[in-house]
There are 2 protein chains.
Amino acid sequence: MRQFRHPPISDIQLESVLYALSDPVRLSIVRQLAREGEATCAALDGGRPKSSMSHHFRVLRECGIVKTRNDGTSHMNELRRADLDSAFPGLLAAVLAAPN
Amino acid sequence: MRQFRHPPISDIQLESVLYALSDPVRLSIVRQLAREGEATCAALDGGRPKSSMSHHFRVLRECGIVKTRNDGTSHMNELRRADLDSAFPGLLAAVLAAPN
DNA sequence: GCTATTGTTCGAATATTATCGAACTATAAA
DNA sequence: TTTATAGTTCGATAATATTCGAACAATAGC
């Protein structure tokens, strides 16, 4: 069983979150997770190589935006909405409300 | 008289704004402008070289966060609060509300 | 015109990041 | 045990950014 690093709320850094969200691929991952609740990596790859997606999911995970759990051979991802709202109230909502 | 590029509201991109704000130097510039209303470049340099600051102000300007106007030999900078609020309601407020 | 002040631009060095193939790991199922 | 599936990790390359000194530009004041 693989272990992932998920920072506690107190370690979530605004700069890291903003940086993670500033990439178009990652932003679109976050938007889809917001719409669909949760998803595997493969479901969101949009034809990109697995290693690229793995990189982006790692960035999202290590800055505290996404929580990944094992589910058989696949990894299920979901937004850490409550944690993000607690750390930076209104930030995720503002980002998700923006067009596109 | 120097001319600066300031994108119209419709050209302000979420990704660019998030990226600009993800840098600690630029974020601290934005925080100070939010507190003090406006400031020259020199007033916010914190001991850094002028060329470095000029770079950061350019990033902030070209993504639509800051408006720069000439004022004698100095350049006065202010946040484009209304424009940002119009493009991404609540985003700037959420960023500024975050600790530090 | 000369000088000081403010900031920009240029250029180069350094650092960081994104991308992606290949090899690897872990689980499930036959 | 063998095979398939889902992601991760590694390593290399290319693209982007940051940093900062030096040269330059624009304005103000003498």
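Each reported figure results from applying straightforward, stated rules to the coordinates on display, with no laboratory input. Keep in mind that what you see is a predicted model, and the values were worked out from it rather than measured. As a convention, Cβ positions derive from the backbone with ideal geometry for all residues, glycine included, and neighbour counts pool all protein chains shown.
Things to note:
- Using a 7 Å Cα-to-Cβ projection, A:ASN70 label spacings across copies, nm, ascending: 6.5
- For B:ALA82, the point set 7 Å out from Cα toward Cβ sits 4.1 nm from its twins in the other copies, listed from shortest up.
- In chain B, the DSSP-assigned H stretches of four residues or longer account for a calculated mean residue ellipticity at 222 nm of -14000 deg cm²/dmol, using -39500 (n - 2.57) per stretch and the full residue count as denominator.
- Each Lys and Arg adds +1 at its Cβ and each Asp and Glu adds -1 at its Cβ; summed about the Cα centre, segment A:49-95 shows a dipole of about 140 debye.
- Placing a label point 7 Å from the Cα of A:ILE9 along the Cα-to-Cβ direction, the distances to the matching points in the other copies come to 3.5 nm, shortest first.
- Here the Kirkwood formula, the inverse mean of 1/r across different C-alpha pairs, assigns segment B:51-100 a hydrodynamic radius of 12.0 Å.
- Pairwise Cα distances in the protein assembly as shown exceed 25 Å in 41 percent of cases.
- Dipole magnitude of chain A, debye to nearest 20 (Cβ charges: Lys/Arg +1, Asp/Glu -1, about Cα centre): 240 debye
- Cβ-based net charge around B:GLU15, under 10 Å, with every Lys or Arg adding one and every Asp or Glu removing one: 0
- In the protein assembly as shown, the DSSP beta bridges split such that about 100 percent are antiparallel, to the nearest 5.
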